[in-house]
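Below is one structure, written out as structure tokens, with a few remarks after it.
The values are calculated or read from the model by the stated rules, or taken from the named source; none is laboratory data. These numbers were taken from a predicted model, which means no experiment stands behind them. Here Cβ is always computed from backbone atoms with ideal geometry, including for glycine, and neighbour counts include all displayed protein chains.
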Amino acid sequence: MTMFEVGTPDTGASFDVVDGARLVSLRFDGLELLRTTDPRGGFSFGGFVLIPWAGFLPGASLEVGGVTYHFTPNWGDDRVHGLLSESEWAVAGDVLTVAFPEQWPFGGTAQLKPTVEEDEVVVRLDVTAGDCEMPIAIGWHPWFRRRLTSGAEMKLTLPGDARMWEPSSEEEPNGRWIAPGQGPFDNCFSTQGAVVCEWVGDTTAVRLLVSSDSGLIGLYDPEESGIAIEPMTAVPGTLPGWLEPAETQSLTVRMKWEHPEERSRC
């Protein structure tokens, strides 16, 4: 395990360079907000990149320009969450970098740059094409604790403008955006706002606002111990972005923290 640290031991973030640049700790005032372990491993803890797609790629295959490309399945017969979350990244100054593996036929590189500001952690993901044009989607998949070690329980609130993606059906073959129903959720939402996670207990009260510049965010919350909040540039299983040679697409994720009483005084 090779750690890349930003911030301080009390307030900051830690990334495991060897394990796909996985976020393994997110701390605020000494409180760990991340689900840092899970017996299932892999896609069940920390925070990991979703590049060059988020979610399931059915049959672990992708058609581009009339050519079908096949990838190594990692979830039954499908490929889930892209190709870079299991790669070893490298430290280059204040960023982490990686080249796409050989099974991605288009080449290209990715970069992750985390920074800590006064009241937030910012994670910027950049994907740059190599000599070939290529399809692309970018996402990030952090798991947050439902319950802090202090016993404080999370309450999650969607932004008021959130619309939920309903995949294709006989009535709507191209899918559609609808008003969110009642959870639990395993869905993608469009929103310009922030998902609010608020942990409140007898001795603890902290609020985390998760947002991005993409306008899309995935939410997975059926589990007892954690909730995944996943900013992304495209609905899962799609790669609608297109990069020309040497062109870059980015995703910036902001995780802003505050104590609820601080907000009430403003």
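Only one of Asp94, Asp131, Asp78, Asp161 is more than 24 Å from Thr8 (Cβ to Cβ), exposed (fewer than 14 other Cβ atoms within 10 Å of the Cβ) and without any contact (Cβ under 8 Å) to a residue 40 or more places away in the chain. Can you tell me which? Only one candidate qualifies: Asp161.
For Ala205, the criteria (1) among the small types (Gly, Ala, Ser); (2) surrounded by 15 or more Cβ atoms within 10 Å (Cβ to Cβ); (3) in contact with a Gly (Cβ under 7 Å, 6 or more places away or on another chain) hold in every case but one, which is (3).
Return the residue satisfying two criteria in turn: it lies in region 25-40 and is assigned to a loop (DSSP other than H, G, I, E, B) and acidic (Asp, Glu), and of such residues it is farthest from Thr2 (Cα to Cα). Filtering first and then ranking leaves Asp29.
Restrict the check to region 167-176 and report whether at least one residue is assigned to a loop (DSSP other than H, G, I, E, B) and touching a Phe, Trp or Tyr at 6+ places or on another chain (Cβ under 6 Å). There is no residue in region 167-176 that is assigned to a loop (DSSP other than H, G, I, E, B) and touching a Phe, Trp or Tyr at 6+ places or on another chain (Cβ under 6 Å). In region 106-118 there is at least one residue matching the filter, namely being at pLDDT 95 or above, assigned to a loop (DSSP other than H, G, I, E, B) and surrounded by 18 or more Cβ atoms within 10 Å (Cβ to Cβ).
I'd like the full set of residues that are part of a strand (DSSP E or B), farther than 26 Å from Gly151 by Cα and in contact with a Phe, Trp or Tyr (Cβ under 7 Å, 6 or more places away or on another chain), limited to region 4-24.
Quick first cut of region 4-24, residues part of a strand (DSSP E or B) only: 4-7, 12-16, 22-24.
This time we only want the ones that are farther than 26 Å from Gly151 by Cα, so: 4-6, 16.
The one that is part of a strand (DSSP E or B), farther than 26 Å from Gly151 by Cα and in contact with a Phe, Trp or Tyr (Cβ under 7 Å, 6 or more places away or on another chain): Phe4.
When Gln111 is tested against (1) touching a residue at least 60 places away in the same chain (Cβ under 8 Å); (2) at negative phi, just one condition goes unmet, and that condition is (1). Please count how many residues of region 41-63 are buried (at least 20 other Cβ atoms within 10 Å of the Cβ), of a type in the set (A, V, I, L, M, F, W, C) and not in a strand (DSSP E or B). Here the count works out to 3. If you go through region 202-237 and pick out every residue that is in contact with a His (Cβ under 8 Å, 6 or more places away or on another chain) and among the hydrophobic types (A, V, I, L, M, F, W, C), you end up with 3.
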